[in-house]
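Here's the structure we're looking at; comments come further down.
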Amino acid sequence: MKHVDEYRDGAVALVLAEKIARAALAQRQYRLMEFCGGHTHAIARYGIADLLPANVSMIHGPGCPVCVLPVGRIDNAIELAAQHPLTLCTYADTLRVPASKRLSLMQAKARGADIRMVYSVADALRLAQDHPDRETVFFAIGFETTAPSTALAIRTADRLQLKNFSVFCNHVLTPPAMAAILGAPQAPGMVGIDGVVGPGHVSCVIGSRAYEQVAEKYCRPVVIAGFEPLDVMQTVLMLMRQINQNRHEVENEYTRAVTREGNTKAQELIADVFELRRSFEWRGLGEIAYSAYRIRPGYGRFDAERRYGIAYRRAAENKACECGAILRGAKQPRDCRVFGTGCTPENPLGACMVSSEGACAAHYSYGRFREAAMAETAI
Ligand code: SF4
């Protein structure tokens, strides 16, 4: 299959692994963060970490949409659906993320709230059109990748003059989170990152230039990568070459999809409908300034936060869960004492075990933790 088979060629992977081994300078460590959960998934699925030298480590980043959503936002959505006569729509993964009081949206649905799984915001819009006497709220999450479709739905609702459709907007932005991670390498609980594997899907929308300030300010290379195993390995090599040469530029490995400018039509759509929030809480990373969108006042009648007076309250994580530390790269899934026992994809205790893009789910699903444990036992 074009754009798939040639990026999964085992013989080429071995050639790249040799090049990476040759590029690795013995006296230094290469700590590379894959920002995006899609890359975490690819690394676990294809065993890429096993092909890297011991001094090259992949650190999982916060780029999984449901993982970074703080508990308080899910509490907000549950309260909204429980306390108002409305239909709340969202993606499947969001339904399973644990919230406060041992609840999730799925459990709130079981208790009688009208909560529905949809494949896209267009489904929610259609539901609102089909049921004009009932309020429909879309619980919108995700990075810049899904923000354009939410913006388009709001513009469509405006054009159709729908009175019963609104959005609880929780879209977040990648560059501010990347800056927060790179800007605090010495803070307690944070680790030093030598380079970043940049997200592919997000970059299709915002373009590679969106990271130029971050790379320049924090003197760290960023290489945007595709999601096939050879993409990731080539990106690792490109990052290591920059590090060896003391460069910190934005490079683009994913040229078949990403340009420097990005998708300008999608950017215009976002700019028309959304504006930046002054601050937004991220799970594991805390409050990050100007890191999320809210709906502009001009489209305020479609803003569920205004319509229902939603007030955000911080809420504590499950004490046993290490998602926060994993999302900022300070811990690995196996560092959590309930990984694979009290917490599994069937019974997730934390958000990182819910989505296939979550670091814990990726490690668990492909059994990498078993191989690592066996290797340790053999030593
Ligand atoms: S294994 Fe479960 S509880 Fe532990 S950090 Fe991962 S998601 Fe949280």
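Kindly establish whether Ala210 is of a type outside the set (Ser, Thr, Tyr), closer than 27 Å to Gly324 by Cα, open to solvent by 10 Å² or more (accessible area, probe 1.4 Å) and touching a helix residue (DSSP H, G or I) at 6+ places or on another chain (Cβ under 6 Å). Here the answer is yes, as Ala210 does meet what is asked. Restricting to the range 297-320, count the residues that are within 16 Å of the ligand (Cβ to nearest atom) and either assigned to a helix (DSSP H, G or I) or touching a residue at least 40 places away in the same chain (Cβ under 8 Å) (or both). Counting residues in the range 297-320 that are within 16 Å of the ligand (Cβ to nearest atom) and either assigned to a helix (DSSP H, G or I) or touching a residue at least 40 places away in the same chain (Cβ under 8 Å) (or both) gives 4.
The number of residues in the range 95-126 that are in a strand (DSSP E or B) and open to solvent by 20 Å² or more (accessible area, probe 1.4 Å) comes to 2.
I'd like to check something: does the range 231-239 contain any residue that is open to solvent by 10 Å² or more (accessible area, probe 1.4 Å) and assigned to a helix (DSSP H, G or I)?
yes
Within the range 256-294, the set of residues being polar (S, T, N, Q) and either closer than 16 Å to Pro65 by Cβ or assigned to a strand (DSSP E or B) (or both) comprises Ser279, Ser291.
The selection criterion, being among the polar types (S, T, N, Q), open to solvent by 10 Å² or more (accessible area, probe 1.4 Å) and under 30 Å from Asp133 (Cα atoms), does not hold for Gln29.
Open to solvent by less than 70 Å² (accessible area, probe 1.4 Å), part of a helix (DSSP H, G or I), hydrophobic (A, V, I, L, M, F, W, C) and within 16 Å of the ligand (Cβ to nearest atom): is that true of Ala330 in this structure? Considered against the rule, which asks whether it is open to solvent by less than 70 Å² (accessible area, probe 1.4 Å), part of a helix (DSSP H, G or I), hydrophobic (A, V, I, L, M, F, W, C) and within 16 Å of the ligand (Cβ to nearest atom), Ala330 comes out as no. Restricting attention to the range 333-365, the residues that are outside any loop (DSSP other than H, G, I, E, B) and either among the aliphatic types (A, V, I, L, M) or near the ligand (Cβ under 9 Å from one of its atoms) (or both) total 14. All conditions but one from (1) in contact (Cβ under 8 Å) with a residue 60 or more places away in the chain; (2) closer than 30 Å to Ile154 by Cα apply to Ala210; the one that does not is (1).
The values are calculated or read from the model by the stated rules, or taken from the named source; none is laboratory data. Quick caveat, the model's predicted, so the values are computed rather than measured. Don't worry about glycine lacking a Cβ; one is built from the backbone with ideal geometry, like all the others, and counts go over all protein chains shown. Protein only, heavy atoms only, side chains kept; ligands, DNA and RNA dropped before computing areas. Shrake-Rupley method; radii C 1.70, N 1.55, O 1.52, S 1.80 Å.
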